[in-house]
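Contents: one structure, followed by commentary.
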Amino acid sequence: MARRHKSVLPGFSLTLGYTLLYLSLIVLIPLAAVFLKSAELSPAEFWKVVSAPRVVASYKVSFGLSLAAAAINSVFGLLLAWSLVRYSFPGKKLVDALVDLPFALPTAVAGIALTALYASNGWLGKLLETPGPFIGSLLAALWLRLGGTEQAAESLSGACVEALAGWGVKVAYTPLGILVALIFIGLPFVVRTVQPILEDLDMELEEAAASLGAQRWQTFYRVLLPILLPALLTGFALAFARAVGEYGSVIFIAGNTPLVSEITPLIIITKLEQYDYVGATAVAAVMLLLSFVLLLLINVLQAWSGQRIRRGRG
């Protein structure tokens, strides 16, 4: 008679029951409450709430900038993960620790710090909005170092200031500021998703490709990228999911101008403060459905890429 091995965890029925109970309390019941509350509106009323110009503009800001931030993080997150895995440089451990800073930093603190940095009187904001004086002073100092006269250096600086007038970029209180905040909070998801795959990647694959005459770009595009693509898509999905519902780090730097830099979570908060609970849940339901559709498409693409890689290996 075969001995049955005792499992560390409870049996399947009990474990499944606990799982469904926990999932229902944490996820399913709150989400169902959103749809049930929004169902109090008639179809015409529901459409009027969710298709208002101010709400539609907030959809474009939230989803458009979240997708853009996730795409940017996919590129630079891959580069950062590659540098941390493949190279040794001074301060590497510090950089590796700083990657996780957005995880630990309260979102409100991140928003205030970014706003102070990119505001018109901030360190970076001042340089970005009025780059003429800074670049002019650099060129003047370089001219003096090369042996030029002070009069010529002053003329060069003044010409630079005049030429760059109006070429500044305003970051804080614009959609660009929202993009900066979303990139800041989403970067760790891509880095920490791709980094373990790079660490397990066999260097012999690159050596074999090089021995067959492949250039560096061909090796990356045809050998490494297909292996990294599932992890890269996972990081993209996580960064997008974090960005689309972000509130604390965005609200300070956004400016919150209606139809310009107003995010959907702010619309929901505003409706809740006005005791318009049904309208808030209606907007939240649309946002939830759009997020689910986009994440479903990303997961389908990830599954397709995984099957393609397995088929190629077979």
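The values are calculated or read from the model by the stated rules, or taken from the named source; none is laboratory data. None of the values given here were measured: they were computed from a predicted structure. Here the Cβ positions follow ideal geometry from the backbone for every residue, glycine too, while neighbour counts run over all protein chains shown.
Go through the residues of segment 130-138 one by one and say whether even a single one is within 17 Å of residue 247 (Cα to Cα), touching a Ser or Thr at 6+ places or on another chain (Cβ under 8 Å) and not aromatic (Phe, Trp, Tyr).
no
Given 67, 14, 21, which one is touching a residue at least 40 places away in the same chain (Cβ under 8 Å) and part of a helix (DSSP H, G or I)?
67
Can you report the number of residues in segment 219-257 which are out of contact with any Phe, Trp or Tyr (no Cβ under 9 Å at 6 or more places or on another chain) and without any contact (Cβ under 8 Å) to a residue 60 or more places away in the chain?
Summing the residues that are out of contact with any Phe, Trp or Tyr (no Cβ under 9 Å at 6 or more places or on another chain) and without any contact (Cβ under 8 Å) to a residue 60 or more places away in the chain in segment 219-257 gives 9.
Give the residue, chosen from 264, 270, 193, 219, that is over 30 Å from residue 58 (Cα atoms) and among the hydroxyl-bearing types (Ser, Thr, Tyr).
219
Would you mind listing the helices (runs of 4 or more DSSP H) fully within segment 144-241 where at least 1 residues are surrounded by 16 or more Cβ atoms within 10 Å (Cβ to Cβ), in contact with a Pro (Cβ under 7 Å, 6 or more places away or on another chain) and at pLDDT below 80?
150-163
Taking residue 81 as the residue in question, decide whether it is surrounded by 13 or more Cβ atoms within 10 Å (Cβ to Cβ), closer than 22 Å to residue 252 by Cα and in the same structural domain as residue 197 (by TED's automatic domain parsing).
No; evaluated as a whole, the condition is false for this residue.
Given the residues 35, 103, 89, which is the only one that is surrounded by 13 or more Cβ atoms within 10 Å (Cβ to Cβ) and either touching a residue at least 40 places away in the same chain (Cβ under 8 Å) or more than 29 Å from residue 260 (Cβ to Cβ) (or both)?
After applying the criteria, what remains is 35.
Search segment 256-286 for residues being of a type in the set (Ser, Thr, Tyr), surrounded by fewer than 22 Cβ atoms within 10 Å (Cβ to Cβ) and within 30 Å of residue 171 (Cα to Cα), and hand back the single one that is farthest from the chain's Cα centre (by Cα).
Selected residue: 270.
So, residue 257, is that one part of a helix (DSSP H, G or I) and hydroxyl-bearing (Ser, Thr, Tyr) or not?
No.
For residue 113, indicate whether it is without any contact (Cβ under 8 Å) to a residue 12 or more places away in the chain, surrounded by 12 or more Cβ atoms within 10 Å (Cβ to Cβ) and in a helix (DSSP H, G or I).
yes
Taking segment 62-77 on its own, how many of its residues are surrounded by fewer than 22 Cβ atoms within 10 Å (Cβ to Cβ) and closer than 13 Å to residue 263 by Cβ?
2
Among the residues of segment 41-51, is any β-branched (Val, Ile, Thr) and surrounded by 14 or more Cβ atoms within 10 Å (Cβ to Cβ)?
yes
Does residue 40 satisfy being assigned to a loop (DSSP other than H, G, I, E, B) and either under 23 Å from residue 277 (Cβ atoms) or among the β-branched types (Val, Ile, Thr) (or both)?
Considered against the rule, which asks whether it is assigned to a loop (DSSP other than H, G, I, E, B) and either under 23 Å from residue 277 (Cβ atoms) or among the β-branched types (Val, Ile, Thr) (or both), residue 40 comes out as yes.
Only one residue in 56, 27 is exposed (fewer than 15 other Cβ atoms within 10 Å of the Cβ), without any contact (Cβ under 8 Å) to a residue 40 or more places away in the chain, in a helix (DSSP H, G or I) and in the same structural domain as residue 279 (by TED's automatic domain parsing). Which one?
Among 56, 27, only 56 is exposed (fewer than 15 other Cβ atoms within 10 Å of the Cβ), without any contact (Cβ under 8 Å) to a residue 40 or more places away in the chain, in a helix (DSSP H, G or I) and in the same structural domain as residue 279 (by TED's automatic domain parsing).
Can you spot a residue in segment 266-286 that is over 23 Å from residue 108 (Cα atoms), assigned to a helix (DSSP H, G or I) and among the aromatic types (Phe, Trp, Tyr)?
Yes, the conditions are met somewhere in segment 266-286.
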